[in-house]
Amino acid sequence: MGVTIITKVRLGLFYFWSPSLSAMNKDNIFDLPFMDNVAFPILIGVFAFFALLEFFIVLRPWKAKRLPRWVHNALLSITGLPLARFLLLPVTVYSAYYFGQHNIGILNWVQLPVWLEWTLGLLVLDYAIYIWHRLNHRVPFLWRFHNVHHADTEMDISTAIRFHFGELLMSIPFRLIVIAISGVSPMMLLLFEVIFESATLFHHSNIKLPKWLEGGLVRFIVTPRMHGIHHSIVKDETDSNYSTVLNWWDRLHGTKRLDVKQENIIIGVPAYRENADNKFWMLLIHPFKKQREWKLRNGTIPERREEEKEEVFR
Ligand SMILES: [Zn+2]
C-alpha cells in the first residue's frame, strides 16, 4: 500500500493523479512512484531545456570541445546517479516515513497549517544543503570528493551531474540527521529533490540570461553567474556562494558574492586543470590520492586583481 501524502494536501488537479503520486511503497522501499512517474520526467525535461539553451545563449565562451568533457562527466554520473536512486532516496524517504510513524522530529511534534509545515520543511532542507555544501569545502576529507565536481575546467549542465559517488554516500548520514531533527515528510523530501535538482541544473548551465532577468532572480535564487563565481580558480571566490536554491543562506552568513564579471572567471581547481586530471578514471580515484595544493602548475596562487572586480548586479 502506498503512503500517499498528496491526498492530504489536495493540490487541485494533482489530487486525481494520486495513484502515481505516492511518495513510497512501504512494502518495497525501492518503489518510489512519485520519483519515477513525476520527478524524473520533469528533471529530464529541465535538463533538455537548459542543455538546448546552452547552444544559443552562452555565458562563458567555450574554451574546448564539449563532447570529451561530457563523456567523462556522464561516465562519472553513471557511478553516482543509480546510487542516488537506489540507495540515497529509498533510505532517506523510508527514514522520513519511519520518523513520522514514530513521532520523531520537530514537524511531527507541532501542529501547523499545511502550507506553513511545507514551507518550513522545504526551507530547512535547502538550508541543510547549504551547510552540507559548506562542510564539503571546509573539511579536507569531504573536499577530496567535492573537488571532483569543482575540477571541471568549464561549467555547464554536465557539471551538474558530475559528482563523485563518495560525496553522495557521505551525504546520507548527514541527511538522516536533518530528517530526524526536522521531521520532514517523505513527500517533502521528494518535492525538494525536484526543486533542488532543477536549481542545480539551472545554475550550472552556461546560459546567458539578460541582466535584468538574472539581476531580478539573484535577489532570491542562485543564478548561473552567481554559481560561476563559486567555481572560480580564485580560492576566496570558490569559498563563497554555497547556496543551492535560495541564496538567502549566503546572505545570512555573509558568503554571497556578486562582484566578479564572468569574463574574468577561470573555472576549475588550479592544481587540476590538465586533461589527464579530468578523465573518468582519474576522477574516480581522485579522492584516494594525495591532494595537491591550491596552486597552478607553475606554482602561482590565482588571485583577483582589484580592477577585475565589478559589482555585477545593482
Ligand atoms: Zn562547491
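Summary table
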read-out: Cross-chain or 6+ apart pairs with Cβ under 8 Å, the stretch 262-280 first and under 17 Å from LYS295 (Cα atoms) and in contact (Cβ under 8 Å) with a residue 12 or more places away in the chain, then outside any loop (DSSP other than H, G, I, E, B) and small (Gly, Ala, Ser); value: ILE265/GLY228; ILE265/SER232; ILE266/SER232; ILE267/GLY228; ILE267/SER232
read-out: Options TYR127, TYR97: the member that is among the aromatic types (Phe, Trp, Tyr), crowded, with 16+ Cβ neighbours inside 10 Å, away from the ligand (no atom under 15 Å from the Cβ) and under 26 Å from THR223 (Cα atoms); value: TYR127
read-out: Pair list, Cβ under 8 Å, 6 or more apart: the stretch 230-245 residue within 11 Å of the ligand (Cβ to nearest atom), other residue of a type in the set (Phe, Trp, Tyr); value: HIS230/TYR242; TYR242/TYR130; TYR242/TRP249; SER243/TYR130; SER243/TRP249; THR244/TYR130; THR244/PHE196
read-out: Hey, PHE163 touching a residue at least 12 places away in the same chain (Cβ under 8 Å), crowded, with 22+ Cβ neighbours inside 10 Å and within 16 Å of the ligand (Cβ to nearest atom) or not; value: yes
read-out: Total residues in the stretch 143-160, condition in contact (Cβ under 8 Å) with a residue 24 or more places away in the chain and buried (at least 21 other Cβ atoms within 10 Å of the Cβ); value: 12
read-out: Qualifying residue in the stretch 180-193 (condition: assigned to a helix (DSSP H, G or I), among the polar types (S, T, N, Q), more than 16 Å from the ligand (Cβ to nearest atom) and in contact with a helix residue (DSSP H, G or I) (Cβ under 7 Å, 6 or more places away or on another chain)); value: yes
read-out: Condition broken by GLY216, with the remaining ones in (1) within 14 Å of the chain's Cα centre (by Cα); (2) surrounded by fewer than 22 Cβ atoms within 10 Å (Cβ to Cβ); (3) free of Cβ contacts under 8 Å to residues at least 24 places away in the same chain satisfied; value: (1)
read-out: Flag for TYR94 being more than 21 Å from ALA160 (Cα to Cα), among the hydroxyl-bearing types (Ser, Thr, Tyr), in a helix (DSSP H, G or I) and in contact (Cβ under 8 Å) with a residue 12 or more places away in the chain; value: yes
read-out: Residue among PRO224, PRO210 that alone is more than 13 Å from the ligand (Cβ to nearest atom) and within 17 Å of the chain's Cα centre (by Cα); value: PRO224
read-out: Index of the failed condition, HIS204 passing every other in (1) closer than 24 Å to PRO41 by Cβ; (2) surrounded by 23 or more Cβ atoms within 10 Å (Cβ to Cβ); (3) more than 16 Å from the ligand (Cβ to nearest atom); value: (3)
read-out: Residue in the stretch 133-140 that is within 16 Å of the ligand (Cβ to nearest atom), surrounded by fewer than 18 Cβ atoms within 10 Å (Cβ to Cβ), in a helix (DSSP H, G or I) and more than 15 Å from the chain's Cα centre (by Cα) present; value: yes
read-out: Out of LEU176, LEU168, sole residue that is part of a helix (DSSP H, G or I) and within 15 Å of the ligand (Cβ to nearest atom); value: LEU168
read-out: Hits in the stretch 264-314 (condition: part of a loop (DSSP other than H, G, I, E, B) and among the hydrophobic types (A, V, I, L, M, F, W, C)); value: ILE265, ILE266, VAL269, ALA271, TRP294, LEU296, ILE301, VAL312, PHE313
read-out: Answer from ALA39, ALA64, ALA48 - the residue that is surrounded by 16 or more Cβ atoms within 10 Å (Cβ to Cβ), among the aliphatic types (A, V, I, L, M) and out of contact with any His (no Cβ under 8 Å at 6 or more places or on another chain); value: ALA39
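Values quoted throughout were computed directly from the atomic coordinates according to the rules given, and no laboratory measurement underlies them. Note that the coordinates shown come from a computational prediction; the quantities given were computed from them, not determined experimentally. Note that we place each Cβ from the backbone using ideal geometry, even for glycine, and neighbour counts take in every protein chain shown.
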